[in-house]
Amino acid sequence: MTTTALPDTGRRLGRAPLLRPTARERATAWARRAPLMPALIFLIITTQLPFVVTIIISFMNWNALKPTETGFAGFKNYVEVLTNNDFRQAILVTIVLTVSVVLVSLVIGLVLALLLNQKFFGRGLARTLLIAPFLVVPVAAALVWKHAILNPTYGLINGVLTWIGQLTGNANPPQLDLLSTQPLLAVILSLVWQWTPFMMLILLAGLQSRPADVMEAAQMDGATGWQVFRHITLPHLRQYLELGGLLGAIYIVQNFDAVFTLTSGGLGTANLPYAVYQTFYFANEYGVASAAGVIVVIGSIIVATFALRTVFTLFKKEAAR
Amino acid sequence: MSSTALTGSGTRRGVGADPGAAPRRRRKSRLDPTRNNTAAGIIAWLAALFFALPVLWMVLTSFHSEQDAATNPPSVAASLTLDSYAQFFGSSSGVSPWPPLINSAMASVFSTVLVLLLAIPAAYALSIKPVKKWTDVLFFFLSTKMMPVVAAVLPLYIFAKSSGSLDNIWFLILMYTSMNLPIAVWMMRSFLAEVPVEMLEAAQLDGASLVLTLRKVIAPVAMPGIAATSLICFIFSWNELLLARVLTGVRAGTSPVFLTGFVTSQGLFLAQVCAAAVVISLPVLVAGFAAQDKLVQGLSLGAVK
């Protein structure tokens, strides 16, 4: 679907193209392709076909509760999505959520990766602890954030505030209710918590692949830590930062679990995936939901084009191997 | 790309000026990666504890009684009990967690096996004996991953409903296979690309059969990759919520679906919610912690190479 945007890589393997391939060569080419085919065909059937159907439905009047009133709708559903305040809010929320979670978790992930790249006591255990947020089932994590951490009456955050208040002799310490006063911030917080370890892991891999000879040369030349970071580490990490950010963006644009669990899309926190889910699952507006789904894909293609270009630059190096 | 960055930045001036002098030595040791860095260690440990705190709190709360779980300030030192776990697994709550756990296990294990069966030959065709335009094919695989699930979920729901496969775990298994296949192809390809071309050529020259080459040359390199790929597919399937929620119901519901219903059906029993979250996260936590290196390797190879 998005492959058209890609430049031709030009890595030609095997022999140079002949004017007329012999039967034997054609057979060899098919023998090479054969192992690829099951996976390719399976994916086309399970992902491309449904999307084509989504596009078709997006141009239809189709409410599952009114089965007699289906028919061609033209761009009506798209107009509905783009002019409806709830959908416009959902588009805005999706952008805010994605950009803030990606940027914040990238920055914290970078700091943590730099720290974990140092040698210190119990480094392996510290890394294990840091990976934990990435391993907890997202729904479980969201439930724990909602009920055990952010709950205004007995959540951990307010509990700690009370405890500090008692220690300092303040009987009525300030209490927070993030879920009702700043619900989007609560979602962002829990997602940053979950995605920072992912960024850290990718950046850590990047740090460990820094060319040793360049690092050694820098040491011999007496470069300071900051100089090494600014002129060697950061340029080397750039592609890993871009990749972590873009992979994160692809997943966070699609986030459903955190919004569904923490706020159920209430108080202006519904993002596009949640809005689409609600529109077809509860409102039974299949046409409108499909149009919104197509719009999510258009947004994702914009992000994905950048992502693929980044991956492509990484790739050229290996293709030249 | 980065190797030229240092020249011209003025850092070369120290060369030869005072070889072996103290300042240079001190600078060197600061950059020396084998030196213990206490300051970094303390900050890293604080950050690690901070990030692990919600998980540790979830585990601790699950071992508290309901009264001790819901207090402000928190009762950290309250006595520990297995009550919540007993209630979660016992029939007192009216719903057994076993069917969703078994459904999750089935969905994760079977889809992972299917993914491997499809991905390994595909990765072979994309790396060891690459087909023409192999990068384009690989990008196609990746691009399907970039399509949000919501854009395909309605047709899948309509199809499942009309074909009678709604609330059928096997339909969900097929969908999870499709969801993880692109990542698996991507990861397996990077692992198989590690097989040295010279070794393959040598095997060919020696007249080794395909089976022998696969066993002696490719398998040793591919095995860690297969392990890492399986782990990541397992985790993603175990964690998935949206497809499971839309495509399953009473019979085929998975653990995440069960968990979202658990709070609504039980009211809010904090300790029990935490116990449920611990039980359902446990397979992934254990597998992830046990195979950390594989996970890191898989993610970084799959993502970066």
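The values are calculated or read from the model by the stated rules, or taken from the named source; none is laboratory data. The structure displayed is predicted, hence computed values, not measured ones. Positions of Cβ are generated from backbone atoms using ideal geometry, with glycine treated the same way; all protein chains shown enter the neighbour counts. Accessible surface areas use protein heavy atoms only, side chains included; no ligands, DNA or RNA. Shrake-Rupley method; radii C 1.70, N 1.55, O 1.52, S 1.80 Å.
See the values below:
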read-out	value
Dipole magnitude of the stretch B:190-305, debye to nearest 20 (Cβ charges: Lys/Arg +1, Asp/Glu -1, about Cα centre)	440
Area of B:Leu174 that stays accessible when all protein chains are in place (1.4 Å probe, Å², to 10)	70
Cβ-based net charge around A:Val81, under 15 Å, with every Lys or Arg adding one and every Asp or Glu removing one	-1
Charge sum, other residues only, whose C-beta stays under 14 Å from B:Ile42's C-beta, Lys/Arg counted +1 and Asp/Glu -1	+2
Theoretical gain in end-to-end length, A:Val160 to A:Gln208 [0.36 nm per residue, Cα-Cα removed]	13.5 nm
Debye log10 I(q)/I(0) at q = 0.17, 0.18, 0.21 Å⁻¹ for the stretch A:58-198, Cα point scatterers	-1.07, -1.11, -1.21
Distance between modelled label sites at A:Arg230 and B:Val221, nm, 7 Å Cα→Cβ extension	4.2
A:His236 accessible area, assembled protein chains, probe 1.4 Å, Å²	20
Radius ratio Rg over Rh of the stretch B:81-215, counting only Cα atoms, Kirkwood formula for Rh	1.16
Dipole in debye (nearest 20) - the stretch B:96-255, about Cα centre, beta carbon charges: Lys, Arg +1; Asp, Glu -1	300
DSSP-loop chymotrypsin sites (Phe, Trp or Tyr not before Pro) across the stretch A:28-109, with at most 14 other Cβ within 10 angstrom	A:Phe75
Two-site label geometry, B:Leu49 and A:Ser180: point separation in nm, points 7 Å out along Cα→Cβ	3.4
Descending Cα extents along the principal axes, the stretch B:110-174, whole Å	41, 24, 15
For the stretch A:156-196 versus the stretch A:221-295, the gap between their alpha-carbon centres in whole angstrom	24
Summed residue charge, Cβ within 13 Å of B:Ala271's Cβ, Lys/Arg positive, Asp/Glu negative	-3
Estimated dipole of chain A in Debye, rounded to 20 [Cβ of Lys and Arg +1, of Asp and Glu -1, Cα centre]	1400
Cα gyration tensor shape for the stretch A:163-271, rounded if a/c is under 1.5, else prolate or oblate	oblate
Extension gain from B:Leu212 to B:Trp170, taking 0.36 nm per residue of separation minus the Cα-Cα distance	11.6 nm
Debye intensity ratio in log₁₀ form over the Cα atoms of the protein assembly as shown, taken at each q of 0.07, 0.08, 0.10, 0.12 Å⁻¹	-0.50, -0.65, -1.00, -1.35
For A:Asn61, distant residues with modelled amide H under 5 Å away	A:Gly71, A:Phe72, A:Ala73
Cβ-derived FRET efficiency at R0 25 Å, A:Leu167 paired with B:Ala77, nearest 0.05	0.95
Debye intensity ratio in log₁₀ form over the Cα atoms of chain A, taken at each q of 0.08, 0.11, 0.16 Å⁻¹	-0.56, -0.95, -1.34
With DNA, RNA and ligands ignored, accessible area of A:Lys119 (1.4 Å probe; Å², nearest 10)	90
Hits among aspartates and glutamates - C-alpha to C-alpha of B:Lys132 under 19 Å, sequence gap 8 or more where chains match	A:Asp8, A:Glu25, A:Glu318
Within the stretch B:205-245, backbone nitrogen closer than 16 Å to the virtual label 7 Å beyond the Cα of B:Val197 toward Cβ	B:205
In nm, spacing of pseudo-spin labels at B:Leu117 and B:Gln204 (7 Å Cα→C-beta vector)	3.0
